[in-house]
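The structure under discussion appears below in the form of C-alpha cells.
None of the figures in this text is laboratory data; all of them are computed from the coordinates on show. The structure displayed is predicted, hence computed values, not measured ones. Cβ placement follows ideal geometry from the backbone for every residue including glycine, while neighbour counts extend to all protein chains displayed.
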C-alpha cells in the first residue's frame with residue numbers, strides 16, 4: 001500500500017487541528033488547545049485514472065504548530081512530504097496574507113521541489129491551498145464583526161490570484177464545524193500526489209510540442225517564470241507589494257471512500 005505524507009501548515013488557530021479531527025473522527029473539537037506536533041493515520045481509496053479499480057492509499061497526516069516560537073522546529077517535519085495543505089481562515093485576512101508572506105516561502109526554502117519535474121515543467125508546487133471556517137461566510141454576526149473592524153472575508157478573486165501566482169495545485173474551502181468540504185480536502189490532496197502531476201506534465205509537454213517541456217525557444221517553465229517575475233519568488237518577510245506578484249493581490253484580498261484508524265499518541269517535542 002502506497003503511503004502519502006501530508007503536512008498541514010498555516011497560522012495558529014486557523015483550524016488545522018479541527019480539520020484533521022473532523023476528518024478522522026467525524027467530530028468537531030469544542031476546545032482550542034495549541035498543537036505542538038501530532039500525527040494521524042487513515043486510509044483512502046482512489047481511482048488513479050489508470051484503471052477502473054480503486055487503489056487504497058495510507059494517508060499520513062502531520063499536524064504542525066503555527067506559532068512563531070516553533071519556526072525553527074517545524075521544518076523538521078517537512079522532508080519527504082508528498083503534499084502540503086496550506087491553511088488560512090476565510091474570516092482572517094491576516095492569515096491569508098501570511099500564506100504568501102510566510103508559509104509559501106518557508107515551504108520553498110525547506111524543500112527541493114524546484115528541482116522536481118513538476119516544477120521545472122509546469123511551475124507547480126505540491127501545495128494545496130485550504131480555506132477553513134467557511135461556514136462563517138454565512139454568519140451575520142461574523143460579518144458584522146468584520147465590518148466593525150473595517151475588514152471582510154477573503155475574496156475568491158484574491159484566492160485565485162494566490163493559487164495562480166504561487167503555482168499551487170488548487171484550492172478547497174471547508175468547514176470543520178459542519179464538515180462541508182472536509183472530505184474533499186483530503187481527496188484533492190491525494191489526487192495532487194497520484195493523479196495530477198503526470199497529467200499536468202504531459203499536458204505541458206504537449207503544449208510545448210513534446211520538447212521535454214522546454215518549448216518557447218528552449219526556455220523551461222522555470223526560466224520563463226523567473227523572467228516574468230523579475231527572476232524571483234516572494235521571500236519571507238516581504239510586504240504584499242514588494243515582489244513581482246504585486247499589489248493586485250493586496251487590493252483583492254479585502255468517488256472516494258476512507259477507512260479511519262485510531263489517532264496515534266500525541267508527541268510533544270520540547
Rg and Dmax of region 30-179, Cα atoms, in Å?
-> 17.1, 54
Set the Förster radius R0 to 35 Å, insert the Cβ-Cβ distance between residue 171 and residue 56 as r into 1/(1 + (r/R0)^6), and round the FRET efficiency to 0.05.
-> 0.85
Could you sort 85-96, 21-32 so that the peptide with the highest average Cβ count within 10 Å comes first and the rest follow in order?
-> 85-96, 21-32
Rg/Rh ratio calculated on Cα atoms of region 5-61 (Kirkwood radius) | 1.08
In nm, what is the difference between 0.36 nm times the number of residues separating residue 94 and residue 157 and their Cα-Cα distance?
-> 21.1 nm
Global size of region 95-160 as Cα Rg and Dmax, reported in angstrom = 16.1, 47
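Between residue 117 and residue 180, take the C-beta separation as r, use R0 = 35 Å, and let me know the FRET efficiency to the nearest 0.05.
After rounding, the FRET efficiency stands at 0.50.
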Set of region 85-101 residues, backbone N closer than 20 Å to the point 7 Å along the Cα-Cβ line of residue 147 = 90-93
How many nm is it between the label spots at residue 31 and residue 203, if each spot is 7 Å from the Cα in line with the beta carbon?
-> 4.6
Could you calculate the FRET efficiency of residue 110 with residue 3 from 1/(1 + (r/R0)^6), where r is the beta carbon distance between them and R0 is 25 Å, rounded to 0.05?
-> 0.75
